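Trainee: I have a structure here, written as C-alpha cells, and I will follow up with some questions on it.
The values are calculated or read from the model by the stated rules, or taken from the named source; none is laboratory data. All values derive from a computational prediction rather than experimental measurement. Reconstructed Cβ throughout: ideal geometry from the backbone, glycine too, with neighbour counts over all protein chains shown. Accessible surface areas use protein heavy atoms only, side chains included; no ligands, DNA or RNA. Shrake-Rupley method; radii C 1.70, N 1.55, O 1.52, S 1.80 Å.
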Amino acid sequence: MENVYLTIVLAPLLGSIIAGFFGGSIGRAGARWVTIIGVGISTLLSLYVLKLFIFDDQPVFNQAIYTWMVTDGISFEIGFLVDKLTALMIAVVTFVSLMVHIYTIGYMADDEHNWPKDSLAGRNSYQRFFSYISLFTFSMLMLVMSNNFLQLFFGWEAVGLVSYLLIGFWSTRESAIFANLKAFLVNRVGDFGFILGIAAIGMYFSSMDYAEVFAKAPELADARMPVWGDTTWSVMTVICVLLFIGAMGKSAQVPLHVWLPDSMEGPTPISALIHAATMVTAGIFMVARMSPLYELSEAALTFVMVIGATTAFFMGLVGLVQNDIKRVVAYSTLSQLGYMITALGASAYAAGIFHLMTHAFFKALLFLAAGSVIIAMHHNQDIRHMGGLRRYMPITWITALVGSLALIGFPGFSGFFSKDAIIEAVALSRVSGAGYATLLLTLGVFITALYSFRMYFLVFHGRGRMDEHTRHHLHESPPVVWVPLVLLAIPSVIIGWIAIEPLLFGDWFKDVIYVAPEHAVLAQLGEHYHGQWGFILHGLVAWPFWLAMAGLGLAAYVYWYLHARRPQLEDELRERFAWAYRVLDRKYGFDDFNQTVLAGGSRGLGETLWSAGDRKLIDGWIVNGSARAVGWFAQRARHLQTGYLYHYAIAMILGLVVLLALFVAL
Amino acid sequence: MDFNAAELIPVLPEIFILVLASTVLLVDLYLRDDQRGLNHGITLVGLLIGIGLILALGGGERQIVLSGSFVRDPMSDTLNAIILLVAFLAFAYSKDYLRDRNMLVGEYYVLGLFAVLGMMIMVSANTFLVAYLGLELLALSLYPMVAFDRDSKAGAEAAMKYFVLGALGSGMLLYGISMVYGGTGALDFPTVAASVADQGLDNKVLVFGLAFVVIGVAFKFGAVPFHMWVPDTYQGAPTSVVLFLSSAPKIAAFALAIRLMVDGLGGLHADWQGMLIILAVLSMGLGNLVAIAQTNLKRMLAYSTISHVGFIFLGLIAGTAQGYAAAMFYAIVYALMAAGAFGVLLLLSRKGFEAENLDDLKGLNERDSWYAAMMALLMFSMAGVPPTVGFMAKLLVLEAVVRVDLVWLAVVAVAFSIIGAFYYLRVIKLMYFDKPTTLEPITVGAGARVALSVNGLAMLVLGLFPAGLLGICQAAFA
Amino acid sequence: MGFEKFLFYVFAAITVVSAGMVVTRRNPVHAVLYLVLCFAATAVLWMLLEAEFLAIVLVLVYVGAVMVLFLFVVMMLDVDQAALKAQFIRFLPLGLAIALVMLALIVLVVGPANFGLEQFAKPAPAPADYSNTESLGKLLYTVYVYPFEIASVILLVAIVAAIRLTLRRRPDTKYIDPAKQVRVRKGPDRIRIVKMPVEGKVEAE
C-alpha cells in the first residue's frame, strides 16, 4: 500500500512541477492536462483507498517513509498515517480538487484580460495557476496523511504558502497584494502558537510521532508546567490551546478570522478549493486528529467551543450586510467553520468532521456557482447589480439552490444531517460554555438561512438590474464550468443521508478518534437514533428547522416579494438600523483595530526602534562597527601571507614549538 | 612465510588504478597530438570501473591483508569510492581548459591517477609506514601538477613553495612516526594502539611524536598555522589542478587523520584534542577573516578551504563515533563543494582568459542563468545555508562538539561561519545584482555541463535527503 | 669505555659538527662537502649498529651518486652569497631562539629517561655468519612487499614528473636525431638531382 499512498501524494506534485517549471514549453493545454491527470490519479486512488476502508477492512497504515534525521532521540520523519479519518479526508480533498481543476479550465480561460498588457507576471499565468493548485493539493495531502507533527507543520505551512500565492495571484492589483499580505501576517500569529505547541510536545513527549505522543498523553494528563513564580499551568491545556491557536489562524476563527473575507481577492476556483473546502478545514482536521490530547483538557475544550460558537453566530451576522457575492459566501464559510469548531469543543469530533465533509461539497458548489455567475456578469461581483439570472443560467441556478438548501440545513440535504447533529451534540454537552454555544448555534441557523437566501433571491430572482450590455451577453457557462457544479451538487444532496450512520453513530471513527466517556455526547445521541427518516422527523419538530424556515421565509418575503415592489427597501432598513448596520459593516471593528492599533502601533514602535535602535545602535555600532573591525583585521591578517617561503617555514616551526611547549613541556 | 594470492583481492582497486595509470602512460606514447583526448576517455572510464570494483569488493567485515599493511573496512570502501568519484568530476571538468592551454597531455592524467592511487593507499593504510608512503605518493604527484603549466612563473613559484613546505611537513610527520615507533616499538596501528592503551599518557615520547604527527596531518589539511602553502598554491597553479588539489586530497587527509590519530594513537585523544582545538579555532578564524579581504576568487576559496578544515576538525575533536561520522560527512561534502566551485571557474575560463577574479563573476546570471544557479547553490552550501547540504554538515559537527560539552567551541564556530557567510554571499550578489563586464556566452561541452549540474544539484538533494550519505558515514564508525 | 663506544662518540661528534657546518658555511661547495662528511660519519654509526648493508648503501648511493650530482649543480649555479648572508644575519636571533627551544624540548624527551637501557634492552649481537643483506632482502620482499611496491611507484612518479617539468623541445635548438640519420635511404634522400637550364643557351638567345 505504501506505493499507492506515495502515488496519491506525489502525482499532484509532479504535475505541479511540470506545469510550473516547464509551463512555457508545454503550453496551456499541456499544463492543464498534466495537472488534471496528476490530480485525477490521486482522486481515483483515494477513492480506491476509501473503498478498501469501507468494504475490505483495510488495516491502518502507520509507517515512516523516510527518516530525515535523528537528533537527541527524536526522529524527524516523513511518514504516513492512513486510517479511516485520513481516507475520508483525502477522498474529499482530491475530489474537490479535481472538480476545481476542471472548473478552472473554463474560469481562467481568458486570464490574460486580468493582467496589464506588458506585465511579465501575466506571461504563462494560466499554467502557473494550475501549478499552484496542484501544489496545494500535494501540500494538503501531506498535511492530512502525516503521521507526525513535523510533517503536519510542513503541510500546514505549505498550504499557507500556496494560499498566500493564490490570494495574490493577480499580483498587479493593489487589493490582492494587501489581502495576501494580511492573510500571511494573520496566519503568522496562528502559526506561532502552533509551532510553540509542537515545541511543547517535543519538550514533554520527546517524540514527533502521533502514535507515541498519544500513547504517552494520559501520563501527562495531570502534569503542570511552571510559568512564573509559583503559578503553574496544566501541560495538556497549554499544548492544546497553543495548537488550537494555530487552528484559529488556519480555520479563520475569531479573532484571527480577518484574513478570510479579504482572501476573496483570489480567483474564485481557489476560493472554493482553499478558502472553503479544504485548507480552512485543516484546523478542524488537526483538532480531531489530536482528540486524545484535547480529551485530557476540559479547559481547552471550553476555549475551543466558545471561540467556535462566537465565530459561528457573529460572522453569520456580518454576512447579512455584504453585497459582494463572494464575500457573502466567505462569511458563511466563517460561520460554518465556527459550527465545526464548536462541535470539536463539545467532543463531537465525528460531527465536526462530518460537517467538514458535507460543507466541503456544498460550499465548493456555492463558490463555483458564484464563480459561474461572476463569469456571466463579466467579473462584476456586486449582487445589487444582479437579479433574474435563473432565466439565463438554469444549471447554475439549480445547483446554487441545491447548495443553499444544503447550507441552511433543509431536511434531507446533506447540511441538515451534519448541522443538526452538531447542534444536538452541543446541547447535550456538559462542558462549561455549552449553554452559550447552544444558544448561538441555534440562532445562527436563522441567520444562515437569511443571508443565504438573501443572496439567492437577489441573484437569481427578481428583476435584472445589470446594464444592457451585460444582459445582452448573459448565457449559461460552458460545460467545463457546469459539469463540476453538477458533480458537486450530487454529494451535496445525498452524502449526509449516506454517511450519517457510519460516521456519527457507527464505528467508523472507533480507534481513530478518542472520546472520553464523560464527554461522549454522540454516543448519547446515538441511543435515540433510529435511521435517517427518524432523524429527519425528529428534525422537523426541533427549533433549528423552524428557525431555518423562518429565515428562508423572511428572505423570500423581503428580497423576493417586497424587493420587486420596493427596490429601495434595503436602503430604508439600513437607515433605520443605522447603528446595527455600522457595527456589522465595520465587522465589529476587528479590521480597524488591527490596522490602527496592531499594525499602526507596531509600525510606530518599529519606526522608533528603527531610527534609534537599529540605525544608530545596531547598524552604526554593532553591524557596521563589527564589519569594519572584521575588515580591518582582514586587511591586517592578509599581510601575514607575505609570499616569502622562509616566513611560511618559520610559521610552521613556530606552530610546532607552541604545540610542543603546550602539550609536552607543560 | 606463505604468500596467498587471495590476499590480493581486497587490494584489487588499488592495483587496478596502478594499471590504469601505467596504461595511460604507455598509450600516450603512441598518440598523435590530436588524439590526446583518448587519455581523457581511458581515465574517466577507468575511474568508473574502479568505483565499480570498490563497490563489488567492498562491504562486509574488516579485512587486514599483506602482513598487516593493508586494511579494507567500511570507511575505506566509502572514502575510496568517493575519492574516485571526485577525481572523476575533476577530470571531467578539466578537459576543455587543458586543451585550450596545451596541457591535455598524458602526463597530466598519469600524475593525477598516481595521486589518486596515493590517496587510496592512505585511506586503506594499516601501518604508519604505508600511510606515510601514500602521503608521499600523493604529494609527489601534486607538486609537478602545480607546476604543470611550464610557461607560468606563478605556477613554478607555487610548486616550489608547496614542495619545500611539503618536504618540511612530511619530514616532521616522519620524525613523529619515528618517535611513535620508539615509544611503542611497532608501526602497525593495532599494535601501536594496544601499546598506547597500555602505557597511558605517561609516556612523553608518545606525546612528543604525536605533536609531529598532528602537524603532518594539519599540513596536509592546510590548517592554520600550517596553511601558508594553500593560498599561494591555489593562486599560482592552473585552475584545473587547484580543483583536483582542493577536493579529493581533503578526503584523503581526513582518512589520514582517522588512521593515524584514531586507529593508531586513539589512546592519546586527550592530547590531540587540545592540539586540534587550537588549530581549529585558528583555522576558522583566520580563514574566514582573511577570505573577506580577497579579490582573487581562487585565493578566496583557498581561505575558505582553510576555514572548512577548521570545521572538519570539530568533528574529530569530539572524539566520538558520531563526531568522526560528522567529520567524514563534512569532508565528503566539502570535496564535492570545492569540486563544483572550481568547476564553475574552469568553465568560465576560455582560451587566453583565466576566470579567477571576483569581478569575472559579475552578472553571471545574465550570461548563463543555469551556471549562476549552480554556483549560487554551491556558495549557499559553503556558507551553510539550509536546505543545502553545507548546513547539514555544519549542524552535524556542531552537534558533535556540543555533545562533548564544548559549547564554547560551537559558539566560536558559528560566529566565524557568520562572518564567513559574507564573502560567499558577495559572490551571489556579484552574479545576480551586478552588470556583466562581458556578454560573451559560455560555451561548454555537454559532458561538463551535465557533471556540473549533477554536482550543483547534489548540494540541494543531499541537503534535503542527507540520511543516505550520513548513514554510510555512521556505518563506517559503528 | 670500550673501543666501540669510543668510535661511536668520535663519529657522532663528527656527524653533529659537520651537520652544523653544512648550515653555517657561506660557500655552498663547502657546505656540500661537509654534508658528504656527515653522511660518511653516519655510515660508520650504522656500521656500529651492525647495519652493514644500509651503511654501504648510504656511502654508495648518497655519497657516491647523489652528492656528486648535487655538487655539480651547486658549482654551476651562481649563488648570490651577500644576499644570503644578509638574510642569515637578520633572522639569526629568531632562528637561534627557536633552535634552542627545540633543542631543549628534544633533550627533555629524547633522553636516557625515555630511551635508556631500562626501556630498551640491548639486543644480542648477531652471529658471525649473519647476513644483514639477506635478512633485509627477505623482509622487504615478504612482510614489507606492499610498502616496497609503493616506494617503487613513487620513484616512477618522480621520473615522470622530472621529465614533464624539464623536457621540452625548443624549436630554435639544433640537434641531431640519430634515428633519422639511420633511416636515410640511399637514393632519393642523399642525392637530389636538380635539373637546371643550361646557362649558355639563355645567353645565346
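Trainee: Could you tell me whether segment C:54-165 comes out rounded, prolate or oblate from its Cα gyration tensor? Rule is a ≥ b ≥ c as square roots of the eigenvalues, rounded for a/c under 1.5, then prolate if a/b exceeds b/c, otherwise oblate. Working shown, then result.
Mentor: Details: a/c = 2.26, a/b = 1.20, b/c = 1.89.
The shape class here is oblate.
Trainee: Among C:Ser152, C:Val182, C:Val29, pick out the residue whose Cα is farthest towards the positive end of the charge dipole of chain C, where Lys and Arg carry +1 and Asp and Glu carry -1 on C-beta, about the Cα centre.
Mentor: The residue sitting most towards the positive pole is C:Val182.
Trainee: Arranged from highest to lowest average of other beta-carbon atoms within 10 Å per residue, in what order do the peptides B:279-291, B:305-317, C:137-149 appear? Could the numbers behind the result be given before it?
Mentor: Numbers: B:279-291: 25.6, B:305-317: 28.5, C:137-149: 15.8.
In descending order of packing, they fall as B:305-317, B:279-291, C:137-149.
Trainee: Please work out the average accessible area per residue across chain A, using the 1.4 Å probe convention, and give it in Å². Walk me through the intermediate numbers first.
Mentor: Working: 26360 Å² over 666 residues.
Ligands and nucleic acids excluded, the figure is 40 Å² per residue.
Trainee: Beyond 33 Å, what percent of the Cα pairs of chain C remain? Let's see the in-between values first.
Mentor: Values: 10124 of 20910 pairs.
More than 33 Å apart: 48 percent of the Cα pairs in chain C.
Trainee: Moving on. Decide, for chain B, between rounded, prolate and oblate: order the square roots of the alpha carbon gyration tensor eigenvalues as a ≥ b ≥ c, take rounded if a/c falls under 1.5, and otherwise choose prolate if a/b is larger than b/c, else oblate.
Mentor: Numbers: a/c = 1.67, a/b = 1.24, b/c = 1.34.
Oblate.
Trainee: To test your reading of the geometry: what angle, between 0 and 90 degrees and rounded to tens, separates the Cα axis of helix A:531-540 from the longest principal axis of chain A?
Mentor: 70 degrees
Trainee: Please give every one of the lysines within straight-line cross-link reach of C:Lys186, meaning a C-alpha to C-alpha distance under 20 Å, and leave out same-chain neighbours fewer than 8 residues apart.
Mentor: Correct list for C:Lys186: C:Lys195.
Trainee: Taking each full run of DSSP H in chain C as one helix, which ones are at least 24 Å long along their axis (Cα atoms) and have mean Kyte-Doolittle hydropathy of at least 1.6? Walk me through the numbers on the way to the answer.
Mentor: Numbers: long enough: C:3-24 (31 Å, 1.66); C:28-48 (30 Å, 2.02); C:81-109 (38 Å, 1.98); C:145-166 (32 Å, 1.99).
Answer set is C:3-24, C:28-48, C:81-109, C:145-166.
Trainee: Would you kindly state the longest site-free stretch of chain A, with sites defined as trypsin sites (Lys or Arg not before Pro) in a DSSP loop (not H, G, I, E, B) surrounded by at most 12 other Cβ atoms within 10 Å? Can you show the working numbers first?
Mentor: On the way: sites that count: A:Lys117, A:Arg430, A:Arg463, A:Lys510.
Longest run free of exposed loop sites: A:118-429.
Trainee: Enter the Cα centre distance for the pair segment B:259-280 and segment B:59-115, rounded to the nearest angstrom.
Mentor: 27 Å
Trainee: Helices from chain B with mean Kyte-Doolittle at least 0.0 and a Cα length along the axis of 24 Å or more, per DSSP H: which? Mind showing how you got there, number by number?
Mentor: Details: long enough: B:12-29 (26 Å, 2.16); B:37-57 (30 Å, 1.96); B:74-100 (40 Å, 0.67); B:106-123 (26 Å, 1.75); B:128-146 (27 Å, 1.81); B:153-184 (46 Å, 0.79); B:204-221 (25 Å, 2.18); B:269-292 (34 Å, 1.40); B:297-318 (32 Å, 1.27); B:321-348 (41 Å, 1.75); B:407-433 (37 Å, 1.81); B:446-464 (27 Å, 1.62).
Membrane-span-like by this criterion, though nothing is claimed about a membrane: B:12-29, B:37-57, B:74-100, B:106-123, B:128-146, B:153-184, B:204-221, B:269-292, B:297-318, B:321-348, B:407-433, B:446-464.
Trainee: Could you tell me the calculated FRET efficiency between A:Arg603 and A:Ser626, based on Cβ-Cβ distance and R0 = 30 angstrom, to the nearest 0.05?
Mentor: On the way: r = 28 Å, r/R0 = 0.94.
The value I calculate is 0.60.
Trainee: Find out how many positive minus negative residues lie around A:Ser251, taking Lys and Arg as positive, Asp and Glu as negative, among other residues whose Cβ is under 14 Å from that of A:Ser251. Write out the running numbers ahead of the final one.
Mentor: On the way: positive: A:Lys250, A:Arg289, A:Lys363; negative: A:Asp191.
Result for the local shell: +2.
Trainee: Still on this structure: What's the average, rounded to a whole number, of partner chain beta-carbon atoms within 10 Å of each residue's beta-carbon in B:209-219? Provide the component values of the computation, followed by the final result.
Mentor: On the way: counts 2, 3, 12, 3, 0, 3, 6, 0, 0, 4, 2.
So the per-residue partner count for this stretch is 3.
Trainee: Just report the Cα centroid separation between segment A:104-182 and segment B:433-478, whole Å.
Mentor: Rounded to whole Å, the Cα centres lie 29 Å apart.
Trainee: I've got another one for you. What's the buried accessible area, both sides, between A and B using a 1.4 Å probe, rounded to 100 Å²? Present the calculation step by step, with values, prior to reporting the outcome.
Mentor: Working: alone 28300 and 17480 Å², together 42730 Å².
Using a 1.4 Å probe on protein heavy atoms, the buried area is about 3000 Å².
Trainee: Projected onto the charge dipole of segment B:279-403 (+1 at Lys/Arg Cβ, -1 at Asp/Glu Cβ, origin at the Cα centre), which of B:Leu314, B:Gly343, B:Pro386 gives the Cα projection farthest towards the positive end?
Mentor: Towards the positive end, the residue furthest out is B:Leu314.
Trainee: Cα atoms only: what Rg and Dmax, in Å, come out for the protein assembly as shown?
Mentor: 40.8, 146
Trainee: In addition: Give me the base-10 log of I(q)/I(0) for chain A at each q in 0.05, 0.07 Å⁻¹, Debye formula, one uniform scatterer per Cα, rounded to two decimals.
Mentor: Here the Debye-derived log intensity ratios amount to -0.27, -0.49.
Trainee: Where a Cα-Cα gap under 14 Å defines reach, which aspartates and glutamates qualify for A:Lys326, not counting those fewer than 8 residues away within the same chain?
Mentor: Cross-link targets: A:Asp262, A:Glu265, A:Asp382.
Trainee: Among the listed pairs B:Lys250/B:Lys351; B:Lys204/C:Lys122; A:Lys117/A:Lys250; A:Lys84/A:Lys363; B:Lys95/B:Lys220, give every one whose C-alpha distance is greater than 32 Å.
Mentor: Working: B:Lys250/B:Lys351 29 Å; B:Lys204/C:Lys122 22 Å; A:Lys117/A:Lys250 35 Å; A:Lys84/A:Lys363 23 Å; B:Lys95/B:Lys220 27 Å.
Pairs exceeding the cut-off: A:Lys117/A:Lys250.
Trainee: How far, in degrees from 0 to 90, does helix A:174-205 lean away from the longest principal axis of the Cα atoms of chain A, to the nearest 10?
Mentor: Approximately 70 degrees, to the nearest 10.
Trainee: If you don't mind, another one. Angle check, please: helix A:149-167 long axis (alpha carbons) against the longest principal axis of chain A (alpha carbons), in degrees 0 to 90, nearest 10.
Mentor: 60 degrees
Trainee: Could you work out how much longer the chain between A:Tyr48 and A:Arg615 gets when fully extended? Use 0.36 nm per residue separation minus the Cα distance between them, nm to one decimal. Mind showing how you got there, number by number?
Mentor: Working: separation 567, 0.36 × 567 = 204.12 nm, distance 6.02 nm.
Between A:Tyr48 and A:Arg615, full extension yields an extra 198.1 nm.
Trainee: B:Lys435: which lysines have alpha carbons under 22 Å from its alpha carbon, excluding same-chain residues fewer than 8 sequence positions away?
Mentor: The qualifying lysines are B:Lys298, B:Lys362.
Trainee: Now, a different point. Please report, in Å, the Rg and the Dmax of segment B:1-153, where both are computed over Cα atoms only.
Mentor: Gyration radius and largest Cα-Cα distance of segment B:1-153: 16.3, 54 Å.
Trainee: Where nothing but the Cβ of Lys and Arg (+1) and of Asp and Glu (-1) is charged, how large is the charge dipole of chain B around its Cα centre, in debye to the nearest 20? Provide the component values of the computation, followed by the final result.
Mentor: Numbers: 26 positive and 32 negative charges, 189 e Å.
The dipole of chain B has a size of about 900 debye.
Trainee: Okay, next question. As an exercise, use a Förster radius of 51 Å and the Cβ-Cβ distance of B:Asn357 and A:His379 to find the FRET efficiency, rounded to the nearest 0.05. Each step should come with its number before you reach the end.
Mentor: On the way: r = 55 Å, r/R0 = 1.07.
That pair, B:Asn357 with A:His379, gives E of 0.40.
Trainee: Hey, rough spin-label estimate for C:Ile106 and A:Glu527, points 7 angstrom out along Cα→Cβ, what's it come to in nanometres?
Mentor: The answer from the label model is 9.8 nm.
Trainee: Hey, with R₀ at 45 Å, roughly what FRET efficiency would B:Ala197 and B:Ile49 work out to, going by the Cβ-Cβ distance, to 0.05? Display every interim value, and only then the final one.
Mentor: Working: r = 41 Å, r/R0 = 0.91.
Given R0 = 45 Å and the Cβ-Cβ separation, E is 0.65.
Trainee: Hey, another quick one. For chain A, which whole-number percentage of the solvent-accessible area (1.4 Å probe, protein heavy atoms only) is attributable to carbon and sulfur atoms? Present the calculation step by step, with values, prior to reporting the outcome.
Mentor: Values: 17590 of 26360 Å².
Of all accessible area on chain A, carbon and sulfur atoms account for 67 percent.
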